[in-house]
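Bear in mind these aren't lab numbers, they're just calculated from the coordinates by the rules spelled out. Source: prediction; values computed, not measured. Glycine gets a Cβ as well: all are built from the backbone with ideal geometry, and neighbour counts include every protein chain shown.
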Amino acid sequence: MTVDLAALAKLASEATPGPWEADMARNGHWDVVIPGDKDTDEMWMATLRGPQREADAAYIAAASPDVVLALVRVALAAKVHADATHAGAEVYRGLNDLRDALADLDR
């Protein structure tokens, strides 16, 4: 499988920023929402139906744009590291990029 990281990053950058949450609606369906704060109301993203609606909503919420962008950054850093290792150059830069990208996932 080939993943177009640039296209994925573009889609994530253009989507509504996260974090997103999965929330059970009163009617038994599951919604994906962006939580509100004191100044804004909760924003509804999607309603999911079907036998796997809870798992699907949780998965979609977990893959919010901020998470996707962090994962793209990790993948790109890993590619730099792999290319540098094979070429015998830029190993330390790739390791630093990978370390920084992994640290972002922990935030």
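Using a Gaussian network model on the chain with a 10 Å cutoff between Cα atoms, which of Ala12, Ala63, Ala25 fluctuates the most?
Result for the chain, Cα springs under 10 Å: Ala25 fluctuates most.
Using a cut-off of 14 Å between beta-carbons, work out the net charge of the residues near Ala22 (Lys and Arg +1, Asp and Glu -1, Ala22 not included).
-4
How far is it, in nm, from the label point at Asp83 to the one at Leu8 when both lie 7 Å from their Cα along the line to the Cβ?
Computed distance between label sites Asp83 and Leu8 equals 1.6 nm.
Give the angle, between 0 and 90 degrees and rounded to the nearest 10, that separates the Cα long axis of helix 5-14 from the longest principal axis of the Cα atoms of the chain.
With both axes taken from Cα atoms, the answer is about 40 degrees.
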